[in-house]
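Here is the structure we will look at, set down as structure tokens.
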Amino acid sequence: MNIAFLADPLASFKIYKDSTFAMMREAARRGHTLYAFEQGDMALEGGRVVANVAEITLTGDPDNWYHAGPVQARALESFDAVLQRKDPPFDMEYIYGTYLLELAERQGARVFNKPAAIRNHNEKLSIAQFAEFTAPTLVTSDPRRLRAFHAEHGDVILKPLDGMGGMGIFRVKDDGINLGAIIETLTDHGRRTIMAQRYIPEISKGDKRVLLIGGQVVPYALARIPQAGEVRGNLAAGGTGVAQPLTAREREIGESLAPELAARGLLLVGCDVIGDYLTEVNVTSPTCFQEIMQQTGCDVAAIFIDALERAVA
């Protein structure tokens, strides 16, 4: 296959842990041809969605890990698969990118995850579609409702709907210290919608990343355990990643969501689970492939490329 990766600049990759690199390495091992481009390389030109792409070859040298060939303009439908691996922020430029990718699909491109499905699944708010697995949750911009939610539950988490890597997440305990200031800041004085959730004490055991690939559940999760004094397990916020077999509850959640999300065009999903509760549904560029592989031997990248090959067969 000819596989085009829409990603952030390759020079920014930390290949010892990057999941996109793991995908590339496994695809190359199988003899597939790799190409790479960035979001700004796409254009709608002459009625076709094209991108300035470069064929890339993996060198095996960790300090200079790829060689890029000449840049060429190609229509996206000329590839067997286009993998959307652009990291957030999920801003308007990201959304414009999904529009272009959706147009490319109409012209014959095979894009994974489907751009419309990415756009339609806010990674925080999508949990509301699976309410049987969620802790008490409120989504609003109304400070009065947020205060009432805190009064009811006593210990809550407040977070923006467009955050990533643990940014903007606050815990407010039953003493309510700084509740007003946090609400004002996150909602921009009632002008921005945010999420409040009842605090889940099991965060101390980790925010578990459960991967769904091609409608199936990867048998290991990565528990991202907060450092001392933190409520955020995100690796970007200093959490420690520990791979663990799925619990019965994590498998239940994964097996319930996997076929439904796959049917919506989401080949790869990262569900975040704390204790017994689903807290996020990550669809933009889910990670943790390498940490799971390094600690358990479960080759997540191979599972993913297997699923990709089936999807384009």
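A short reminder: the numbers here are calculations on the coordinates, not readings from a lab. Because the structure is a prediction, the values reported are computed rather than measured. No Cβ is skipped: glycine too gets one built from the backbone with ideal geometry, and neighbour counts run over all protein chains shown.
Region 130-184 and region 246-313 have Cα centres lying 27 Å from one another.
Could you sort the peptides 128-138, 268-278, 153-163 by per-residue average Cβ neighbour count (10 Å cutoff), highest mean leading?
Values: 128-138: 14.7, 268-278: 23.1, 153-163: 18.8.
Taking the mean over residues of other Cβ atoms within 10 Å, the ranking is 268-278, 153-163, 128-138.
If R0 equals 41 Å, the separation of the Cβ atoms of Val242 and Ala73 corresponds to a calculated FRET efficiency of about 0.35.
Just check region 136-199 against the gyration tensor rule for me: Cα atoms, a ≥ b ≥ c as the square roots of the eigenvalues, rounded for a/c under 1.5, and otherwise prolate or oblate depending on whether a/b exceeds b/c. Don't skip to the end; give the middle numbers.
Working: a/c = 1.45, a/b = 1.22, b/c = 1.19.
Note, shape of region 136-199 comes out rounded.
Where both bridge residues fall in the chain, DSSP classifies roughly 80% of the beta bridges as antiparallel. With a Förster radius of 30 Å applied to the beta-carbon distance between Glu202 and Ala148, the computed FRET efficiency rounds to 0.75. Once you have all Cα-Cα distances for region 66-137, histogram them in 5 Å bins from zero and send the whole-percent values. Histogramming region 66-137 at 5 Å steps yields 3, 13, 20, 18, 15, 14, 7, 4, 3, 2, 0 percent. Taking region 275-289 and a reference point 7 angstrom along Cα→Cβ of Arg249, the backbone N atoms nearer than 13 Å belong to 275-279. Taking the C-alpha atoms only, the angle from helix 19-29 to the longest principal axis of the chain is near 30 degrees.
Rounded, prolate or oblate: which fits region 233-277, taking a ≥ b ≥ c as square roots of the Cα gyration tensor eigenvalues, rounded meaning a/c under 1.5, else prolate when a/b beats b/c? Working shown, then result.
Working: a/c = 2.63, a/b = 1.52, b/c = 1.73.
It comes out oblate by the Cα gyration axes.
Could you work out the local net charge near Glu38, counting Lys and Arg as +1, Asp and Glu as -1, over the other residues with Cβ closer than 12 Å to its Cβ? Please report the intermediate quantities before stating the final value.
Numbers: positive: Arg85, Lys86; negative: Asp8, Asp41, Asp87, Glu93.
In short, -2.
The long axis of helix 92-106 is offset from the longest Cα principal axis of the chain by roughly 50 degrees.
Put a dot 7 Å past the Cα of Asn178, heading toward its Cβ, do the same for Ala131, and the two dots end up 3.2 nm apart. Once the dipole of the chain is set up with Lys and Arg at +1 and Asp and Glu at -1 on Cβ about the Cα centre, which of Ala54, Thr137, Val269 lies farthest towards its positive end? Checking the options against the dipole of the chain, the answer is Thr137.
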